[in-house]
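The values are calculated or read from the model by the stated rules, or taken from the named source; none is laboratory data. This one's a predicted model, so the numbers in the text were calculated from it and none came from an experiment. Neighbour counts run over all protein chains shown; Cβ positions are idealised from the backbone, glycine included. Calculation scope for accessible area: heavy atoms of the full protein, side chains included, ligands and nucleic acids excluded. Shrake-Rupley method; radii C 1.70, N 1.55, O 1.52, S 1.80 Å.
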Amino acid sequence: MMGQLLRIGQVCKLYGISLDTLRHYDKIGLLKPIVTEPSGYRYYSFEQLDILEMILAGRSLDISLENLQKRLASGEIEDYILLVKEQQAAIEERKKALQQLENHSRQMSDLLTQISLHKNDDDLGSIQYETLDKEIYQMPIEMFPPAGFDWNNTGSFLQMEQWSFYQSDSAGFVAELPRNAGISYQDVEHTGKMFSESGNIKTVEITGMFGKTKFWGKNSELHTYLNKICKNFHLCDAELLVKYLFALAHEDLDNDYFVEIYFPNH
(Lines give C-alpha, C1' and ligand atoms only; values in the text may rest on other atoms or scores of the structure.)
Protein backbone atom coordinates (compact mmCIF):
# COMPACT_ATOMS: atom_id res chain seq x y z
CA MET A 1 0.00 0.00 0.00
CA MET A 2 2.71 2.50 0.94
CA GLY A 3 4.46 1.87 -2.37
CA GLN A 4 1.46 3.46 -4.11
CA LEU A 5 1.82 6.70 -2.18
CA LEU A 6 4.11 9.70 -2.62
CA ARG A 7 5.45 11.73 0.28
CA ILE A 8 4.71 15.47 0.32
CA GLY A 9 8.29 16.36 -0.61
CA GLN A 10 8.15 14.04 -3.63
CA VAL A 11 4.92 15.66 -4.81
CA CYS A 12 6.43 19.12 -4.47
CA LYS A 13 9.45 18.12 -6.52
CA LEU A 14 7.34 16.34 -9.14
CA TYR A 15 5.06 19.35 -9.76
CA GLY A 16 7.44 22.17 -8.95
CA ILE A 17 5.33 23.58 -6.13
CA SER A 18 6.17 24.55 -2.57
CA LEU A 19 5.41 22.79 0.69
CA ASP A 20 3.45 25.86 1.75
CA THR A 21 1.20 25.49 -1.30
CA LEU A 22 0.23 21.91 -0.43
CA ARG A 23 -0.17 22.81 3.24
CA HIS A 24 -2.51 25.66 2.24
CA TYR A 25 -4.60 23.30 0.10
CA ASP A 26 -4.79 21.00 3.11
CA LYS A 27 -5.73 23.83 5.46
CA ILE A 28 -8.67 25.01 3.34
CA GLY A 29 -9.84 21.44 2.71
CA LEU A 30 -9.14 21.51 -1.00
CA LEU A 31 -6.67 18.62 -1.04
CA LYS A 32 -6.10 16.78 2.23
CA PRO A 33 -3.18 14.30 2.38
CA ILE A 34 -3.18 10.86 3.92
CA VAL A 35 -1.56 11.21 7.36
CA THR A 36 0.04 8.15 8.92
CA GLU A 37 0.09 7.57 12.66
CA PRO A 38 2.02 7.96 14.82
CA SER A 39 4.70 9.52 12.55
CA GLY A 40 2.42 12.20 11.13
CA TYR A 41 3.96 11.85 7.66
CA ARG A 42 1.84 13.19 4.80
CA TYR A 43 1.30 11.12 1.67
CA TYR A 44 -0.68 11.50 -1.52
CA SER A 45 -2.23 8.76 -3.61
CA PHE A 46 -2.15 8.74 -7.41
CA GLU A 47 -5.89 9.51 -7.38
CA GLN A 48 -5.16 12.62 -5.32
CA LEU A 49 -2.55 13.65 -7.86
CA ASP A 50 -5.38 13.78 -10.44
CA ILE A 51 -7.10 16.32 -8.19
CA LEU A 52 -3.86 18.26 -7.75
CA GLU A 53 -3.36 18.41 -11.51
CA MET A 54 -6.91 19.73 -11.91
CA ILE A 55 -6.22 22.39 -9.28
CA LEU A 56 -2.95 23.42 -10.92
CA ALA A 57 -4.61 23.56 -14.35
CA GLY A 58 -7.31 25.80 -12.90
CA ARG A 59 -4.74 28.06 -11.23
CA SER A 60 -2.88 28.35 -14.57
CA LEU A 61 -6.11 29.89 -15.88
CA ASP A 62 -6.23 32.14 -12.79
CA ILE A 63 -9.39 30.44 -11.53
CA SER A 64 -9.86 31.06 -7.83
CA LEU A 65 -9.41 28.26 -5.32
CA GLU A 66 -12.92 28.91 -4.05
CA ASN A 67 -14.45 28.25 -7.48
CA LEU A 68 -12.27 25.19 -7.98
CA GLN A 69 -13.38 23.80 -4.63
CA LYS A 70 -17.05 24.18 -5.58
CA ARG A 71 -16.55 22.32 -8.86
CA LEU A 72 -14.50 19.56 -7.21
CA ALA A 73 -17.33 19.02 -4.74
CA SER A 74 -19.74 18.62 -7.64
CA GLY A 75 -17.56 16.45 -9.84
CA GLU A 76 -19.78 17.09 -12.90
CA ILE A 77 -18.20 17.78 -16.29
CA GLU A 78 -20.87 20.40 -17.00
CA ASP A 79 -19.72 22.35 -13.97
CA TYR A 80 -16.13 22.35 -15.25
CA ILE A 81 -17.28 23.56 -18.66
CA LEU A 82 -19.23 26.37 -16.99
CA LEU A 83 -16.23 27.23 -14.80
CA VAL A 84 -13.92 27.62 -17.79
CA LYS A 85 -16.50 29.67 -19.72
CA GLU A 86 -16.94 31.96 -16.72
CA GLN A 87 -13.18 32.41 -16.59
CA GLN A 88 -13.07 33.19 -20.32
CA ALA A 89 -15.62 35.96 -19.75
CA ALA A 90 -13.61 37.31 -16.81
CA ILE A 91 -10.43 37.32 -18.92
CA GLU A 92 -12.22 39.29 -21.66
CA GLU A 93 -13.28 41.88 -19.08
CA ARG A 94 -9.70 42.17 -17.81
CA LYS A 95 -8.45 42.55 -21.38
CA LYS A 96 -10.85 45.46 -21.89
CA ALA A 97 -9.71 47.04 -18.61
CA LEU A 98 -6.05 46.64 -19.59
CA GLN A 99 -6.77 48.16 -23.00
CA GLN A 100 -8.34 51.17 -21.27
CA LEU A 101 -5.33 51.49 -18.99
CA GLU A 102 -3.02 51.31 -21.99
CA ASN A 103 -5.01 54.06 -23.72
CA HIS A 104 -4.97 56.24 -20.61
CA SER A 105 -1.24 55.62 -20.16
CA ARG A 106 -0.60 56.71 -23.75
CA GLN A 107 -2.73 59.83 -23.22
CA MET A 108 -0.79 60.67 -20.06
CA SER A 109 2.52 60.21 -21.86
CA ASP A 110 1.35 62.52 -24.66
CA LEU A 111 0.19 65.11 -22.12
CA LEU A 112 3.49 65.07 -20.24
CA THR A 113 5.39 65.49 -23.49
CA GLN A 114 3.11 68.42 -24.40
CA ILE A 115 3.76 70.02 -21.00
CA SER A 116 7.53 69.64 -21.35
CA LEU A 117 7.43 71.51 -24.68
CA HIS A 118 4.91 74.18 -23.66
CA LYS A 119 5.75 77.89 -23.58
CA ASN A 120 3.25 80.35 -22.15
CA ASP A 121 1.79 82.86 -24.61
CA ASP A 122 2.88 85.96 -22.67
CA ASP A 123 1.87 88.32 -25.50
CA LEU A 124 -1.54 86.67 -25.90
CA GLY A 125 -1.01 86.72 -29.64
CA SER A 126 -1.84 83.08 -30.28
CA ILE A 127 -5.29 82.80 -28.72
CA GLN A 128 -7.44 80.07 -30.20
CA TYR A 129 -11.22 80.01 -30.25
CA GLU A 130 -13.32 76.99 -29.45
CA THR A 131 -17.02 76.23 -29.20
CA LEU A 132 -17.95 74.64 -25.89
CA ASP A 133 -21.04 72.57 -25.18
CA LYS A 134 -20.37 71.17 -21.75
CA GLU A 135 -22.19 70.37 -18.54
CA ILE A 136 -20.18 71.10 -15.39
CA TYR A 137 -21.19 70.21 -11.85
CA GLN A 138 -20.35 73.30 -9.80
CA MET A 139 -19.90 73.26 -6.04
CA PRO A 140 -18.20 75.26 -3.26
CA ILE A 141 -14.50 74.47 -3.10
CA GLU A 142 -14.85 73.07 0.42
CA MET A 143 -17.14 70.35 -0.97
CA PHE A 144 -14.60 69.20 -3.57
CA PRO A 145 -14.41 66.34 -4.31
CA PRO A 146 -18.05 65.43 -3.65
CA ALA A 147 -18.82 62.49 -1.40
CA GLY A 148 -20.20 60.48 -4.31
CA PHE A 149 -16.90 60.39 -6.18
CA ASP A 150 -14.99 57.09 -6.06
CA TRP A 151 -11.23 57.71 -6.19
CA ASN A 152 -10.67 53.95 -6.41
CA ASN A 153 -12.49 53.77 -9.74
CA THR A 154 -9.64 54.27 -12.19
CA GLY A 155 -11.93 54.79 -15.16
CA SER A 156 -13.89 57.49 -13.34
CA PHE A 157 -10.75 59.23 -12.13
CA LEU A 158 -9.09 59.32 -15.55
CA GLN A 159 -12.24 60.62 -17.27
CA MET A 160 -12.76 63.38 -14.72
CA GLU A 161 -12.14 67.01 -15.71
CA GLN A 162 -11.52 69.47 -12.87
CA TRP A 163 -12.51 73.12 -13.26
CA SER A 164 -12.21 76.39 -11.38
CA PHE A 165 -14.44 79.42 -11.95
CA TYR A 166 -12.75 82.84 -11.76
CA GLN A 167 -14.78 86.05 -11.74
CA SER A 168 -13.51 89.44 -12.88
CA ASP A 169 -14.96 92.61 -11.32
CA SER A 170 -16.36 95.72 -13.03
CA ALA A 171 -12.81 96.97 -13.63
CA GLY A 172 -11.80 93.72 -15.28
CA PHE A 173 -9.64 92.55 -12.39
CA VAL A 174 -9.63 89.04 -10.91
CA ALA A 175 -9.20 90.02 -7.31
CA GLU A 176 -10.30 86.89 -5.46
CA LEU A 177 -9.49 83.23 -5.52
CA PRO A 178 -12.27 81.09 -7.01
CA ARG A 179 -15.06 80.21 -4.62
CA ASN A 180 -16.45 77.43 -6.78
CA ALA A 181 -14.97 74.26 -8.23
CA GLY A 182 -16.38 72.00 -10.87
CA ILE A 183 -16.28 68.50 -12.27
CA SER A 184 -17.23 67.32 -15.73
CA TYR A 185 -16.79 63.99 -17.43
CA GLN A 186 -15.95 62.94 -20.95
CA ASP A 187 -18.71 60.37 -20.50
CA VAL A 188 -21.84 62.50 -20.00
CA GLU A 189 -24.01 59.52 -19.03
CA HIS A 190 -21.54 58.56 -16.31
CA THR A 191 -21.65 62.10 -14.90
CA GLY A 192 -25.39 61.96 -14.40
CA LYS A 193 -24.97 58.89 -12.24
CA MET A 194 -22.28 60.49 -10.09
CA PHE A 195 -24.10 63.45 -8.63
CA SER A 196 -27.54 64.47 -7.54
CA GLU A 197 -28.40 68.16 -7.63
CA SER A 198 -28.79 69.93 -4.32
CA GLY A 199 -28.63 73.45 -2.99
CA ASN A 200 -24.84 73.26 -2.95
CA ILE A 201 -24.22 71.35 -6.18
CA LYS A 202 -25.69 72.68 -9.40
CA THR A 203 -25.36 71.94 -13.07
CA VAL A 204 -23.87 74.72 -15.19
CA GLU A 205 -24.38 74.60 -18.95
CA ILE A 206 -21.34 76.04 -20.74
CA THR A 207 -22.14 76.79 -24.37
CA GLY A 208 -20.90 79.16 -27.04
CA MET A 209 -17.63 80.44 -28.46
CA PHE A 210 -14.74 80.97 -26.04
CA GLY A 211 -11.20 82.24 -26.32
CA LYS A 212 -8.73 79.56 -25.26
CA THR A 213 -5.11 79.47 -24.18
CA LYS A 214 -2.90 77.18 -22.09
CA PHE A 215 -0.77 78.01 -19.09
CA TRP A 216 1.97 76.26 -17.12
CA GLY A 217 3.15 77.60 -13.76
CA LYS A 218 2.40 78.36 -10.11
CA ASN A 219 -1.05 79.26 -8.83
CA SER A 220 0.05 82.82 -8.10
CA GLU A 221 1.41 83.13 -11.65
CA LEU A 222 -1.87 81.78 -13.01
CA HIS A 223 -3.73 84.52 -11.16
CA THR A 224 -1.47 87.14 -12.74
CA TYR A 225 -1.97 85.58 -16.16
CA LEU A 226 -5.75 85.68 -15.78
CA ASN A 227 -5.58 89.39 -14.99
CA LYS A 228 -3.48 89.92 -18.11
CA ILE A 229 -6.16 88.17 -20.17
CA CYS A 230 -8.90 90.30 -18.63
CA LYS A 231 -6.98 93.52 -19.31
CA ASN A 232 -6.05 92.55 -22.86
CA PHE A 233 -9.58 91.48 -23.85
CA HIS A 234 -11.49 94.00 -21.67
CA LEU A 235 -13.27 91.32 -19.67
CA CYS A 236 -15.34 93.13 -17.05
CA ASP A 237 -17.81 91.21 -14.88
CA ALA A 238 -16.84 88.09 -16.78
CA GLU A 239 -16.38 84.49 -15.73
CA LEU A 240 -13.22 82.70 -16.76
CA LEU A 241 -13.02 78.90 -16.73
CA VAL A 242 -9.82 77.06 -15.88
CA LYS A 243 -9.57 73.33 -16.64
CA TYR A 244 -6.76 71.60 -14.74
CA LEU A 245 -4.97 69.06 -16.94
CA PHE A 246 -2.00 68.23 -14.71
CA ALA A 247 -0.57 69.14 -11.31
CA LEU A 248 3.15 68.73 -10.61
CA ALA A 249 3.24 68.35 -6.83
CA HIS A 250 6.11 69.69 -4.74
CA GLU A 251 7.02 68.84 -1.17
CA ASP A 252 6.56 72.49 -0.12
CA LEU A 253 3.06 72.44 -1.74
CA ASP A 254 4.01 75.27 -4.12
CA ASN A 255 2.74 73.15 -7.00
CA ASP A 256 2.90 73.77 -10.73
CA TYR A 257 -0.26 73.47 -12.83
CA PHE A 258 -0.87 72.91 -16.51
CA VAL A 259 -4.28 74.29 -17.42
CA GLU A 260 -6.54 75.37 -20.23
CA ILE A 261 -8.12 78.80 -19.80
CA TYR A 262 -11.44 79.65 -21.42
CA PHE A 263 -12.85 83.18 -21.47
CA PRO A 264 -15.89 84.82 -23.11
CA ASN A 265 -15.49 85.85 -26.73
CA HIS A 266 -16.64 89.49 -26.56
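Choose one answer from Gly16, Gly58, Gly182: the residue with the largest mean-square fluctuation in a GNM of the chain with alpha-carbon springs under 10 Å.
Top of the fluctuation ranking is Gly16.
Quick one: of Lys13/Lys95; Lys134/Lys228; Lys96/Lys134; Lys95/Lys202, which pairs are farther than 29 Å apart, Cα to Cα? Intermediate values should be presented prior to the final figure.
Working: Lys13/Lys95 34 Å; Lys134/Lys228 25 Å; Lys96/Lys134 27 Å; Lys95/Lys202 37 Å.
The answer is Lys13/Lys95; Lys95/Lys202.
Tally Lys/Arg at +1 and Asp/Glu at -1 over every other residue whose Cβ is under 11 Å from the Cβ of Glu130; what's the total?
Details: positive: Lys134, Lys212; negative: Asp133, Glu260.
Net local charge, Glu130 excluded: 0.
Quick check on the chain: helices-only [θ] at 222 nm, where DSSP H runs of length 4 and up contribute -39,500 (n - 2.57) each and the sum goes over total residues. Nearest 500, please. Each step should come with its number before you reach the end.
Working: 8 runs with 111 residues, N = 266.
Roughly -13500 deg cm²/dmol at 222 nm, from the helical runs in the chain.
Could you please tell me the mean projected area of the C-alpha convex hull for segment 1-51, averaged over all directions and given in square nanometres to one decimal?
3.5
Using a Förster distance of 51 Å, how high is the FRET efficiency between Ile141 and Gln87, based on the Cβ-Cβ distance and rounded to 0.05?
Details: r = 46 Å, r/R0 = 0.90.
After rounding to 0.05, the efficiency reads 0.65.
Note the full-extension length gain between Leu61 and Leu245 as 0.36 nm times their separation in residues minus their Cα-Cα distance, in nm to one decimal. Please list the in-between numbers first.
Numbers: separation 184, 0.36 × 184 = 66.24 nm, distance 3.92 nm.
Once the chain is fully extended between Leu61 and Leu245, it gains 62.3 nm.
Averaged per residue, what accessible surface does the chain expose to a 1.4 Å probe, in Å²?
On the way: 16330 Å² over 266 residues.
It amounts to 61 Å² per residue over the chain.
Please list the three semi-axes, largest first and in whole Å, of the ellipsoid equivalent to the chain, using sqrt of 5 times the eigenvalues of its alpha carbon gyration tensor.
Details: eigenvalues 790, 76, 55 Å².
Largest first, the chain gives 63, 19, 17 Å.
Over the chain, what percent of the accessible surface lies on carbon and sulfur atoms, probe 1.4 Å? Mind showing how you got there, number by number?
Working: 8370 of 16330 Å².
Carbon with sulfur: 51 percent of the solvent-accessible area.
Using a Debye calculation, one point per C-alpha and no hydration shell, please list log10 I(q)/I(0) for segment 26-138 at q = 0.10, 0.12 Å⁻¹ in order.
-0.60, -0.70
Going through segment 41-91, which GluC sites (Glu not before Pro) have at most 12 other Cβ atoms within 10 Å and a DSSP loop state? Intermediate results must be reported in sequence, preceding the final value.
Numbers: sites: Glu47, Glu53, Glu66, Glu76, Glu78, Glu86; in loops: Glu76.
Those that pass, being in a loop and sparsely packed, are Glu76.
First select every other residue whose beta carbon is under 13 angstrom from the beta carbon of Leu5; then total the charges, Lys and Arg +1, Asp and Glu -1.
Values: positive: Arg7, Arg42; negative: Glu47.
With Lys, Arg at +1 and Asp, Glu at -1, the net is +1.
Using bins 10 angstrom wide from zero, how does P(r) for segment 220-261 break down, in % of all Cα pairs?
So the P(r) values, bin by bin, are 25, 47, 23, 5.
Quick one: order Asp169, Asp237, Asp26, Asp133 from most to least accessible surface, probe 1.4 Å.
Working: Asp169 55, Asp237 105, Asp26 25, Asp133 130 Å².
Accessible-area ranking of Asp169, Asp237, Asp26, Asp133, largest first: Asp133, Asp237, Asp169, Asp26.
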